[in-house]
Amino acid sequence: MPRQQVRGAPDPPGPPQLPSGRRRRRRGLPWLGGAGPAGGTHPPRWDPLKVTPGQERKRFYQNVSISEGEGGFEINLDHRKLKTPQGKLFTVPSEVLAIAVATEWDSQKDTIKFYTMHLTTLCNTALDNPTQRNKMQLIRAAVKFLETDTVCYRVEEPAALAELQRNEWDPVVAWAEKRYNVAIGSSTSILGPNIPASTKETFVSHLASYNMWALQGIEYVITQLKSLILSMGLIDRHITVEKAVLLSRLEEEYQIQRWGSVEWAHDYDLCELRARTAAGTLFVHLCSESSTVKHKLLQD
């Protein structure tokens, strides 16, 4: 398959920078893999999974393209193939995902802003599997969030917040209970709700219909929203990214309405959370398109 040129979008804004009295020492370029001196191999110089939010590097490539290899679709930065932090060839299972990742790299302007490249980060996680978990371990970790799900923990006071939680969260919980034919409920106890074992097993069976790549994305979305219920509502297209993020921050938004917000900080956090949640959801959908997801328990 010939290389496909990718043209990106305008450079996204970075996080607010604090003043510094020290100049940073210029460092080398990100490592794309390859042979070192005397036939050796250089160790990785960078890890996109561990890049701090303010870290940036000068763009070192001109063109971004994709090509199809034996293991899938690859990302080319000029004539060099992108590699993962562990030195594996960066290969994704579908062309549309490759185009999305390539667009992230092509969207970088004078500097590479790693904190904006959520799809690249998710692909690196799927390829390197740094925690060395298998499919069932990923599923169990996702379902465990039910025990501390944001929308299941309620307050009794103040009354206005309790009412807001009922009005906003109850419909989502009711949708999930009907959609998956399970009992979830909610609780004001510090111990949280008592989720039936049958409910957990139903979600285990449902998540098992996704492939490993999609499961990495699902877990990523869950960690952003702190909610399996909101994440499944989002992935099933029942609610939008904006709505899911708002519901996950309901108490914080209530406090902001009452006491006001910190200038730029709250808005930046909100935009970042939306970006990460949207990227994770897109990742799940793009990874699911390359395989048939069998919804054994669900019928639309």
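Counting only helices (runs of 4 or more DSSP H) that sit wholly inside segment 188-267, those with at least 2 residues that are open to solvent by 20 Å² or more (accessible area, probe 1.4 Å) are 197-207, 212-225, 241-248, 250-259.
Considering only segment 73-90, state which residues are open to solvent by less than 10 Å² (accessible area, probe 1.4 Å), in contact with an Asp or Glu (Cβ under 9 Å, 6 or more places away or on another chain) and of a type outside the set (A, V, I, L, M, F, W, C).
THR84
When segment 59-103 is examined, which residues are found to be among the β-branched types (Val, Ile, Thr) and either under 21 Å from MET212 (Cα atoms) or under 21 Å from the mean Cα position of the chain (by Cα) (or both)? Answer for segment 59-103, where residues must be among the β-branched types (Val, Ile, Thr) and either under 21 Å from MET212 (Cα atoms) or under 21 Å from the mean Cα position of the chain (by Cα) (or both): ILE75, THR84, THR91, VAL92, VAL96, ILE99, VAL101, THR103. When restricted to residues that are in contact (Cβ under 8 Å) with a residue 24 or more places away in the chain, farther than 11 Å from LEU230 by Cα and not in a helix (DSSP H, G or I), segment 148-183 contains 5. In the condition set (1) touching a Leu at 6+ places or on another chain (Cβ under 6 Å); (2) of a type outside the set (Gly, Ala, Ser); (3) surrounded by 15 or more Cβ atoms within 10 Å (Cβ to Cβ), VAL173 is compliant with all but (1).
From the list THR125, THR121, THR103, THR111, the one residue that fits, being within 16 Å of ILE66 (Cα to Cα), open to solvent by 20 Å² or more (accessible area, probe 1.4 Å) and either of a type in the set (S, T, N, Q) or out of contact with any Gly (no Cβ under 7 Å at 6 or more places or on another chain) (or both), is THR103. Screening ALA162 with (1) at positive phi; (2) open to solvent by less than 20 Å² (accessible area, probe 1.4 Å); (3) not β-branched (Val, Ile, Thr) gives one miss only, at (1). For a quick check of your reading of the model, give me the residue pairs whose first member lies in segment 107-131 and is under 11 Å from GLN216 (Cβ atoms), whose second is among the basic types (Lys, Arg) and assigned to a loop (DSSP other than H, G, I, E, B), with beta-carbon atoms closer than 7 Å and at least 6 apart or on different chains. The qualifying pairs are LEU127/LYS88; ASP128/LYS88.
Among the residues making up segment 153-178, those that are closer than 19 Å to ILE235 by Cα and not charged (D, E, K, R) are TRP169, PRO171, VAL172, VAL173, ALA174, TRP175, ALA176.
The values are calculated or read from the model by the stated rules, or taken from the named source; none is laboratory data. Note that the structure is a prediction, hence the values are computed from the model and not measured. Positions of Cβ are generated from backbone atoms using ideal geometry, with glycine treated the same way; all protein chains shown enter the neighbour counts. Please note that ligands, DNA and RNA were not included when accessible areas were found on the heavy atoms of the full protein model with its side chains. Shrake-Rupley method; radii C 1.70, N 1.55, O 1.52, S 1.80 Å.
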